[in-house]
DNA sequence: ATGTGACTTGTAGTCCGTA
DNA sequence: GTACGGACTACAAGTCACA
C-alpha cells in the first residue's frame, strides 16, 4: 500500500504549496516534527486518520479532499 | 482525539449494518482481525489511512464518506 | 528549506481466549 | 454475533544530527 501513501503525500504537498507554506510551517501548525512532515509527503509512512485531520485542519481544507481516489491497488 | 475515532467507528458501524454484514464478515474482507474490527467500531483505536481504504472498499463506499465532519475538537 | 539515517517510544494490529 | 481481555509483534510517532 505504498501507492496510497505516495498519492496521499503528493496531495498534501500540492495543497501545502497552494497555501504557500514551507514544510516547517506546516509541521509547526500540525504539531509534528519537521522531518516527519517530509516523510509524510514522500509517502514513506502510512499516517493515521488523526494525523490526516490535523494536516487538513492546518491546510484549511477538508480531510476527504486530501484522500486520493484510487479504487485500483486497494488489495495488494 | 478519541472523539474522532468514536465518530469514525460509528460511521463504519452504520455503513456495515446498512450493508447487512457481520463484524466477522467485514473483518474478513478487510483482512483485519475480527477482534480488531470491534475495537475500530467502538472507537478504541485510531486506524491508519490504509485501513480506512480497505474498510471503505469492503463496504463498497468512498473512504471520504466514512470520515466524520468535525471541525470542532481538531486540536486537543 | 528539505532529505535521510539511526534511533526510542507509543500504539496500531494480531492471535489466543472468555463470556 | 458481539464485547472484552492478555500477550504478544509490527510499525506509526516522534526526536536528533548531518548532509
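Bear in mind that the values in this text are calculations on the coordinates, not laboratory data. This structure is a prediction, so every number in the text was calculated from the model and none was measured. Here the Cβ positions follow ideal geometry from the backbone for every residue, glycine too, while neighbour counts run over all protein chains shown.
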Mind checking the mean number of beta-carbon atoms from other chains within 10 Å of the Cβ atoms in A:42-52? 5
Shielding of B:57-69 by partner chains, average beta-carbon count, 10 Å: 3
State the residue of chain A whose Cβ is nearest the axis carrying A onto B, and the distance in whole angstrom. A:64, 2
Teacher prompt: residue B:62 distances to equivalent labels in other copies, 7 Å Cα→Cβ, nm: 0.7
log10 I(q)/I(0), Debye, Cα-only the protein assembly as shown, no solvent, q = 0.19, 0.20 Å⁻¹? -1.15, -1.26
Inter-chain shielding metric for B:11-19, i.e. average beta-carbon neighbours from other chains within 10 angstrom, reads 0
The residues A:30, B:61, sorted from fewest to most surrounding Cβ atoms within 10 Å, come out as B:61, A:30
From fewest to most C-beta neighbours within 10 Å, the residues B:22, B:35, B:29 line up as B:35, B:22, B:29
Before anything else, pin down the relative contact order of chain A: Cα pairs under 8 Å, at least 6 apart, normalised by residue count, whole percent. 43
Using only the Cα atoms of chain B, construct the convex hull and provide its projected area averaged over every direction, in square nanometres to one decimal. 4.5
